[in-house]
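Have a look at the structure below, then the notes.
Nothing in this text is a laboratory measurement; each read-out follows from the coordinates by a stated rule. Owing to the predicted nature of the structure, the values given are computational and were not obtained by experimental measurement. Cβ placement follows ideal geometry from the backbone for every residue including glycine, while neighbour counts extend to all protein chains displayed.
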Amino acid sequence: MTKIRKICLLGFGEVGEVLAKDLATASTIKLAAYDQQFHDPQSQPCINVRSNPQVEMATSATDAAAHCDLVISAVTAAQSLVAAQSVCSSLSPGTFFLDLNSVAPTTKISVAEVVETCGGRYVEAAVLSPIMPKRMHAPILIGGPHAQDFLSVGTHLGFADMRFCSAHIGPAAATKMCRSIMIKGVESLLTESLLTARHYGVEDAVMASLHDLIPWQDWPARAHYMISRSLLHGMRRAEEMREAADTVCAAGIRPHMSSGCVATQAWVSQFDAALEEDELVSMLDIINTARAREIEKEIEKETQHDH
């Protein structure tokens with residue numbers, strides 16, 4: 001089994017920080033990190049890394065990956081290929097590259113080609129749950145020609161529910177993308193349905209009528225949680241759903257629902273001020289009020305333009 005002495009974390013958002021804290025329990029492992037937002041002291045990745053003194057804050061992706069035995073990529077979907085390219089010149093021969101990013105099988109294959117060309121060992125990974133609260137116990141499928149070799153390495157590092165999927169690159173990502181169509185799709189449907197229901201004052205009746213189909217014990221709490229995920233991570237989710245739409249297209253199916261989900265996730269993210277509300281109805285009211293103001297501004301601009 002390959003001995004892991006130093007790990008590079010590409011991306012230091014929610015996933016990167018969780019991994020840093022959990023991996024740091026193995027005192028013999030050095031951690032280095034790089035995030036594109038490190039240049040901004042007020043950015044969340046920069047705040048995250050300052051609160052994790054066990055992590056070396058690199059000034060470039062190249063520096064972060066130098067002399068590492070493992071690179072873990074946890075960036076946004078749109079940055080997946082760019083992140084791999086950014087470390088290519090500093091990968092040591094045989095370095096494992098664990099790609100946790102939520103992207104289409106075709107994107108995974110493109111990233112693998114970059115890594116393998118540089119002498120690295122690419123491992124496709126698909127995280128099948130939110131990273132919180134399970135942390136490194138989150139279920140992860142891995143695939144590709146180096147996946148079997150990495151399985152024992154990953155388990156030793158603390159990835160408690162890491163499972164081999166396929167020796168080929170693509171099936172793990174396809175599993176993740178199809179799952180995302182459902183999860184992000186439900187979030188988008190809830191957002192559209194309950195914002196409309198609240199406008200008409202029928203949200204309680206709607207949720208009560210849905211209980212037989214989806215028997216959640218606390219419908220308002222569950223709906224609040226799912227909509228809040230879109231408010232908090234809408235832009236990131238929109239990027240992921242573009243990858244999901246590409247996955248659907250590659251299967252010869254028109255991605256009507258996935259493409260609609262892209263638009264909804266991107267749209268709702270602008271109303272993140274509603275995250276301050278702990279109750280579903282208050283959250284919906286904040287969004288609807290802000291939405292009404294936006295419509296008024298658009299009408300006012302059109303009126304001024306006409307005059």
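Is it the case, given these coordinates, that residue 268 is farther than 20 Å from residue 132 by Cβ and touching a Gly at 6+ places or on another chain (Cβ under 7 Å)? The answer is yes for residue 268.
Restricting the first member to region 202-213 and to residues that are under 21 Å from residue 285 (Cβ atoms), and the second to residues that are among the polar types (S, T, N, Q), the beta-carbon pairs closer than 7 Å and six or more apart or on different chains are 206/193. Looking at the structure I just gave you, is residue 191 free of Cβ contacts under 8 Å to residues at least 24 places away in the same chain, on the phi < 0 side of the Ramachandran plot and of a type in the set (S, T, N, Q)? Against the criterion (free of Cβ contacts under 8 Å to residues at least 24 places away in the same chain, on the phi < 0 side of the Ramachandran plot and of a type in the set (S, T, N, Q)), residue 191 does not qualify. Every test in (1) out of contact with any Phe, Trp or Tyr (no Cβ under 9 Å at 6 or more places or on another chain); (2) assigned to a helix (DSSP H, G or I) is passed by residue 278 save one, and that test is (2).
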